[in-house]
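The values are calculated or read from the model by the stated rules, or taken from the named source; none is laboratory data. Bear in mind the structure is a predicted one, so any value in this text is a computation, not a measurement. Every residue, glycine among them, receives a Cβ derived from its backbone with ideal geometry; neighbour counts consider all protein chains shown. Heavy atoms of the whole protein, side chains included, go into the accessibility calculation; ligands, DNA and RNA do not. Shrake-Rupley method; radii C 1.70, N 1.55, O 1.52, S 1.80 Å.
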Amino acid sequence: MKDVKNDNLIDKLLSLGGKSVKLGLDTDIEIIRMLNDGILLDDSRVVNVEGEPNQCHRNSAYIYKNGNKGLGSATIEIMSGYALYNNKWFQHSWVLTEFNHLKETTNIKFKKYFGYKLSKEESDVFCYENY
């Protein structure tokens, strides 16, 4: 049986660029959030911060849980979705400040980011699962 939500997500991502998508283990709720609330960000506001390689979820949870250390008085939010690298979309998470600076915790130079902002409650669950 065909998974319409996954197909819709793939179509959405490819409409934003790239040639392929490596789907993650997104829940139906996460896919719906991306399709309904997703925003596109490019790499123009990316600030690289130190983090463990290939651990974007853990790194984002760490930054969120440890507050604004190194970020001044900026409010931070976790975003979850996909990022484009080498014409392929990969599941990814990152931190966004109130000044729309995207905190990239991996050493990968993504070109585009598409995802949704987690609510306070969603961020707490995300941190519990990934920290």
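Computed quantities for the displayed model
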quantity	calculated
Matching residues, the stretch 3-45, being open to solvent by 40 Å² or more (accessible area, probe 1.4 Å) and among the hydrophobic types (A, V, I, L, M, F, W, C)	Val4, Ile10, Leu14, Leu23, Leu25, Ile29, Ile32, Leu35, Ile39, Leu40
Conditions (1) part of a helix (DSSP H, G or I); (2) touching a helix residue (DSSP H, G or I) at 6+ places or on another chain (Cβ under 8 Å); (3) within 24 Å of His101 (Cα to Cα); number of the one not met by Leu13	(2)
Breaking point among (1) open to solvent by 30 Å² or more (accessible area, probe 1.4 Å); (2) within 12 Å of the chain's Cα centre (by Cα), for Phe114	(1)
Selection status of Glu77, under 19 Å from Tyr131 (Cα atoms) and either exposed (fewer than 11 other Cβ atoms within 10 Å of the Cβ) or aromatic (Phe, Trp, Tyr) (or both)	no
